[in-house]
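**Student:** Here you go, one structure.
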Amino acid sequence: MRNVIIIGSGCAGNTAAVYAARANLRPLVVAGHEPGGQLSITSLVENFPGFPEGIQGPELVENIRRQAEHFGAEFVHGSVVEADFRQHPLRLNIDGEWIPTRTVIIATGASARWLNLPNEQKLIGHGVSSCATCDGFFYRGKKVMVIGGGDSAMEESNFLTRFASEVAIVHRSDTFRASKIMLDRARANPKIVFLPHTVVRDVHDVNAGVVTAVTLHNVKTGETWQRDVDGFFVAIGHIPNTKPFKGQVELDDEGYIISHGGATTNIPGVFHAGDVQDRIYRQAITAAGMGCMAAMEAERFLETEGH
Ligand code: NDP
């Protein structure tokens, strides 16, 4: 019987592991399919407090893991494929093996939705990004492109105009999901140009190792052309990693965990941390903060249950 199983090894999960391990709970961390989470696919992180020169994302998340292991956290490869929260002890199916546990911290994150272009994944961290807040700073005086027609695309585009000389918003139709106020703000921004009815065919240049241009296609006119850009930001939404928890813990229409205050869910003993519940902030520091809260609440729960 485990005291606490933490699912996910990004910033949220690893920070929960530091706190739970220091509280002598000997947490088990199930690292998941994308160990290290979103930080493992970013480059320089300049806004995590405590690192005036910045720190590489993979190094940051690995450091937190080592810190947790130092205090006795145990990490296992593999994934939770099914959960049973209908009774206590709670149970998790980790790659076919059911493990009972008194508490669970779900820190499985949300994966950025990508366009699945032939060269997109090869250029992540080299001009292709899913986070303007993280990477916008590197595009001072440069030309960037944002894909999407929702609030994220509008917000990221407006943010990027602080640095970039030009922001082109590429959207597959001329109907925008973005709220009117966000759309109007983008339309009024002289640095933003809109390319509606347009889809991206591919991003280049893998040989150069950085983004230099994209191939675009206008679905209305049938025209295909190339446009030079230095940065390529995909803002077409995120998918929360909650599939194994469907029907076991309360989720909203899009699959995000519904918080019941702090780090609690509707199930006693099941806590959330990071992007799996947070669709607004999505920062390493906010995920880490939630990881801390979840571990403290798990500790408190165990204490009140007499463990
Ligand atoms: P949305 O789901 O709202 O929008 C996604 C956009 O991406 C749509 O324009 C969609 O186009 C497009 N898209 C999806 N898949 C593809 C694809 N394969 N190829 C091309 N385009 C694609 O996601 P957001 O991340 O923008 O927003 C998520 C939620 O978060 C919303 O509720 C939003 O309001 C909220 N939010 C609020 C903010 C704020 O208030 N400050 C900031 C950011 C987000 P189509 O419409 O054609 O399907």
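The values are calculated or read from the model by the stated rules, or taken from the named source; none is laboratory data. Nothing here was measured: the structure is a model prediction, and the numbers come from that model. We place every Cβ from the backbone using ideal geometry, glycine too, and count neighbours over all the protein chains shown. Accessible surface areas use protein heavy atoms only, side chains included; no ligands, DNA or RNA. Shrake-Rupley method; radii C 1.70, N 1.55, O 1.52, S 1.80 Å.
**Student:** Could you list, in sequence order, all residues of the stretch 123-134 that are more than 11 Å from the ligand (Cβ to nearest atom) and open to solvent by less than 20 Å² (accessible area, probe 1.4 Å)?
**Tutor:** Of everything in the stretch 123-134, those that are more than 11 Å from the ligand (Cβ to nearest atom) and open to solvent by less than 20 Å² (accessible area, probe 1.4 Å) turn out to be 123, 127, 128, 129.
**Student:** Further question: Kindly indicate the residue of the stretch 66-85 that is in a strand (DSSP E or B) and acidic (Asp, Glu) and also nearest to residue 270 (Cα to Cα) among those meeting that condition.
**Tutor:** Checking each candidate, the answer is 84.
**Student:** Filter the stretch 252-304 down to residues that are in contact (Cβ under 8 Å) with a residue 40 or more places away in the chain, in a helix (DSSP H, G or I) and farther than 16 Å from residue 11 by Cβ, then give me how many there are.
**Tutor:** The number of residues fulfilling the criteria is 5.
**Student:** Is it the case that some residue within the stretch 213-234 is part of a strand (DSSP E or B) and within 25 Å of residue 295 (Cα to Cα)? Talk me through it step by step, then tell me what you get.
**Tutor:** Step one: list which residues in the stretch 213-234 are part of a strand (DSSP E or B), which gives 213-218, 224-228, 231-234.
If we keep only those that are within 25 Å of residue 295 (Cα to Cα) too, we end up with none.
Checked against the condition, which is being part of a strand (DSSP E or B) and within 25 Å of residue 295 (Cα to Cα), the stretch 213-234 yields no hits at all.
**Student:** While we're here: Looking for whichever is part of a strand (DSSP E or B) and more than 21 Å from residue 123 (Cβ to Cβ) here; the options are 193, 199, 203. Which one fits?
**Tutor:** On inspection, the qualifying residue turns out to be 193.
**Student:** Moving on. Specify which of the listed residues (250, 223) is under 23 Å from the mean Cα position of the chain (by Cα) and surrounded by fewer than 20 Cβ atoms within 10 Å (Cβ to Cβ).
**Tutor:** 250
**Student:** Follow-up. Would you pick out the residues in the stretch 136-163 that are within 11 Å of the ligand (Cβ to nearest atom), assigned to a helix (DSSP H, G or I) and within 18 Å of the chain's Cα centre (by Cα)?
**Tutor:** Result: 151, 152, 153, 155, 156.
**Student:** Looking at the stretch 260-291, which of the residues that are more than 15 Å from the ligand (Cβ to nearest atom) and surrounded by fewer than 17 Cβ atoms within 10 Å (Cβ to Cβ) is nearest to residue 17 (Cα to Cα)? Steps first, please.
**Tutor:** Looking only at the stretch 260-291, we keep the residues that are more than 15 Å from the ligand (Cβ to nearest atom), and these are 260-274, 284-285, 287-291.
Pick out the ones that are also surrounded by fewer than 17 Cβ atoms within 10 Å (Cβ to Cβ) and you get 260-262, 266, 268, 285.
Working: 260: 22, 261: 21, 262: 17, 266: 22, 268: 19, 285: 15 Å.
Result: 285.
**Student:** I'd like the residue in the stretch 196-220 that is charged (D, E, K, R) and more than 23 Å from residue 177 (Cβ to Cβ) and, out of all such residues, is surrounded by the most Cβ atoms within 10 Å (Cβ to Cβ). I'd like the intermediate steps shown before the answer.
**Tutor:** Taking the stretch 196-220 and keeping what is charged (D, E, K, R), we get 201-202, 205, 220.
Cutting the leftovers down to more than 23 Å from residue 177 (Cβ to Cβ) gives us 202, 205.
Values: 202: 16, 205: 14.
Checked the stretch 196-220; the qualifying residue surrounded by the most Cβ atoms within 10 Å (Cβ to Cβ) is 202.
**Student:** Give 220, 191, 243 a once-over and let me know the one that is assigned by TED's automatic domain parsing to the domain that holds residue 143, more than 16 Å from the ligand (Cβ to nearest atom), among the basic types (Lys, Arg) and on the phi < 0 side of the Ramachandran plot.
**Tutor:** Numbers: 220 fails: more than 16 Å from the ligand (Cβ to nearest atom); 243 fails: assigned by TED's automatic domain parsing to the domain that holds residue 143.
The unique qualifying residue is 191.
**Student:** Among all residue pairs at least 6 apart or on different chains, which show Cβ distances below 8 Å where the first residue, located in the stretch 182-195, is modelled with pLDDT under 95 and the second is within 12 Å of the ligand (Cβ to nearest atom) and part of a helix (DSSP H, G or I)?
**Tutor:** 182/151; 182/154; 182/155; 182/158
**Student:** In the list 166, 156, which residue meets the criterion of being closer than 23 Å to residue 115 by Cα, surrounded by fewer than 19 Cβ atoms within 10 Å (Cβ to Cβ) and touching a strand residue (DSSP E or B) at 6+ places or on another chain (Cβ under 6 Å)?
**Tutor:** Within the list 166, 156, the selection yields 166.
**Student:** Among the residues of the stretch 5-24, is there at least one that is charged (D, E, K, R), assigned to a helix (DSSP H, G or I) and either surrounded by fewer than 24 Cβ atoms within 10 Å (Cβ to Cβ) or not assigned by TED's automatic domain parsing to the domain that holds residue 98 (or both)?
**Tutor:** yes
**Student:** To continue, here is another question. Taking the stretch 25-57 as the search range and keeping residues that are in a helix (DSSP H, G or I) and in contact with a strand residue (DSSP E or B) (Cβ under 6 Å, 6 or more places away or on another chain), which one is least open to solvent (accessible area, probe 1.4 Å)?
**Tutor:** Top of the filtered list is 57.
**Student:** Just checking, does the stretch 175-184 include any residue being touching a strand residue (DSSP E or B) at 6+ places or on another chain (Cβ under 9 Å), more than 11 Å from the ligand (Cβ to nearest atom) and open to solvent by 10 Å² or more (accessible area, probe 1.4 Å)?
**Tutor:** no
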